[in-house]
Amino acid sequence: MQPTNTLHLGNYLGALKNWVKMQDQMPCLFCVVDMHAITQDVGYAHAEELTRSTREVAAAYIAGGVDPTRSPIFNQGQVPEHGELAWIFNCVARLGWMDRMTQFKEKSGKHKERASVGLYTYPVLMAADILVYRATHVPVGEDQKQHLELARDIAAKFNNDFGVPDFFPQPEPVITGTGTRVMSLRDGSKKMSKSDESDNSRINLTDDADAIADKIRRAKTDPHPLPGTKEELAGRPEAENLLNIYAALSDQDRDAVIIQFAGQNFSTFKTALADLTVAKLGPITAEMRRLLADPAEIDRVLKAGAHKARAIATPIMDEVKKTVGFIT
């Protein structure tokens, strides 16, 4: 996760909740990608915010269920091998590949000449984030699948260029969870976002019970009762979003939730949704606040995680340097 702005319910249901389960399926590493966070905002004021946000993401990982004694939690900036491998990959990747990256076009907008070089090449750093550990599986959303394909292309070209056919693996995407695409509480056609100007559009992981209940009560709906079938959800994005949130939080199939609340008015459903959300997020929020009250403890976790991450990355990076021809 990038440490930018405040984490919200969409980050938890769309990513973290599913990532936590992966600890029981394979060895995992959890990185706070602070190097990616400076591709668009940099400077003294941003530096203080970056430090705060990095600790908040680390606290969310722990409070959400990541066990740092099992799975290293670290920030990217403490593992220099990420940047070292990214430079080598910059020399392997090709401009034509980068020009096809759609997220740069979206993030740079109409003034791409003003965008940082880091924003243009950050998919290469993302490839290094993955391959510096020879990672085989990467949880990704739809918007990151293109970047994972780039990582696979870079791995294949490195292996071919240097005659080491099995050096880097071809990482596979792990699409986790279903029905967990969380949309804005103010507009059901847009994703819940940390960058939305309206705080009422999202439920932050640091919101207290009163704030959560108030935001759900004020969430945009339509004048009709809740639908009785999934077909009746067509053209009702706000109703669909709230039902999806309830289903994800309660670990139920959405069709079961539709049956449970069929024909009821939104005020009744919103009360039930608010109660459920508070019950599920309350312990996470409380633990995050406890952790954030002791930033030195978070920093110790990040430092210990970076030590474990480097124990994996450094030998691989040493092999890369030898393969490339560097004298070390």
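The values are calculated or read from the model by the stated rules, or taken from the named source; none is laboratory data. All values reported here derive from a predicted model rather than from experimental measurement. Glycine gets a Cβ as well: all are built from the backbone with ideal geometry, and neighbour counts include every protein chain shown.
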Kindly list, by first and then second residue, each pair from a residue in the stretch 220-246 that is closer than 23 Å to N200 by Cβ to a residue that is polar (S, T, N, Q), limited to pairs with Cβ atoms under 6 Å and residues at least 6 apart or on different chains. L226/Q264; P237/S189; E238/T221
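Going by the structure shown, is I88 in contact with a strand residue (DSSP E or B) (Cβ under 6 Å, 6 or more places away or on another chain) and at pLDDT 85 or above?
Details: in contact with a strand residue (DSSP E or B) (Cβ under 6 Å, 6 or more places away or on another chain): no; at pLDDT 85 or above: yes.
So I88 does not fit the description; no.
Residue by residue, here is whether (1) among the hydrophobic types (A, V, I, L, M, F, W, C); (2) over 21 Å from L150 (Cβ atoms); (3) assigned to a helix (DSSP H, G or I) holds:
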{"site": "A45", "(1), (2), (3)": "yes, yes, yes"}
{"site": "T51", "(1), (2), (3)": "no, yes, yes"}
{"site": "E56", "(1), (2), (3)": "no, yes, yes"}
{"site": "I62", "(1), (2), (3)": "yes, yes, yes"}
{"site": "R70", "(1), (2), (3)": "no, yes, no"}
{"site": "W87", "(1), (2), (3)": "yes, no, yes"}
{"site": "C91", "(1), (2), (3)": "yes, no, yes"}
Please name all residue pairs, on different chains or six or more residues apart, with Cβ atoms under 7 Å, provided the first residue is in the stretch 271-299 and is surrounded by 13 or more Cβ atoms within 10 Å (Cβ to Cβ) and the second residue is at pLDDT 95 or above and not in a helix (DSSP H, G or I). T277/I203
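Restricting attention to the stretch 23-41, which residues are out of contact with any strand residue (DSSP E or B) (no Cβ under 7 Å at 6 or more places or on another chain) and crowded, with 17+ Cβ neighbours inside 10 Å?
Answer for the stretch 23-41, where residues must be out of contact with any strand residue (DSSP E or B) (no Cβ under 7 Å at 6 or more places or on another chain) and crowded, with 17+ Cβ neighbours inside 10 Å: C28, L29, V33, M35, H36, A37, I38, T39.
Take the stretch 25-52 and flag every residue that is among the polar types (S, T, N, Q) and within 26 Å of T69 (Cβ to Cβ).
Keep residues of the stretch 25-52 that are among the polar types (S, T, N, Q), which gives 25, 39-40, 51.
Those that are among the polar types (S, T, N, Q) and within 26 Å of T69 (Cβ to Cβ): Q25, T51.
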Filter the stretch 1-47 down to residues that are at pLDDT below 90 and over 16 Å from the mean Cα position of the chain (by Cα), then give me how many there are. 8
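Starting from residues that are modelled with pLDDT under 90 and not aliphatic (A, V, I, L, M), keep the ones in the stretch 140-159 and report whichever is surrounded by the fewest Cβ atoms within 10 Å (Cβ to Cβ).
So, considering only residues that are modelled with pLDDT under 90 and not aliphatic (A, V, I, L, M), the one surrounded by the fewest Cβ atoms within 10 Å (Cβ to Cβ) is E142.
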Residue that is surrounded by the most Cβ atoms within 10 Å (Cβ to Cβ), among those in the stretch 165-196 that are modelled with pLDDT of 90 or more and of a type in the set (D, E): D187
So, in the stretch 70-87, how many residues would count as being within 18 Å of L50 (Cα to Cα) and either among the basic types (K, R) or not assigned by TED's automatic domain parsing to the domain that holds C28 (or both)? 0
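Name the residues in the stretch 95-140 that are of a type in the set (D, E, K, R), in a helix (DSSP H, G or I) and more than 19 Å from N75 (Cβ to Cβ), would you? Even if it seems obvious, please write down each step before you answer.
Of the stretch 95-140, the ones of a type in the set (D, E, K, R) are 99-100, 105-107, 110, 112-114, 129, 134.
Those left that are additionally in a helix (DSSP H, G or I): 99, 105-107, 112-114, 129.
Of everything in the stretch 95-140, those that are of a type in the set (D, E, K, R), in a helix (DSSP H, G or I) and more than 19 Å from N75 (Cβ to Cβ) turn out to be D99, K105, E106, K107, K112, E113, R114.
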Go over the candidates D222, D199, D253 one by one and state the one that is surrounded by fewer than 16 Cβ atoms within 10 Å (Cβ to Cβ), under 18 Å from T277 (Cβ atoms) and either outside the structural domain of R55 (by TED's automatic domain parsing) or over 19 Å from the mean Cα position of the chain (by Cα) (or both). D199
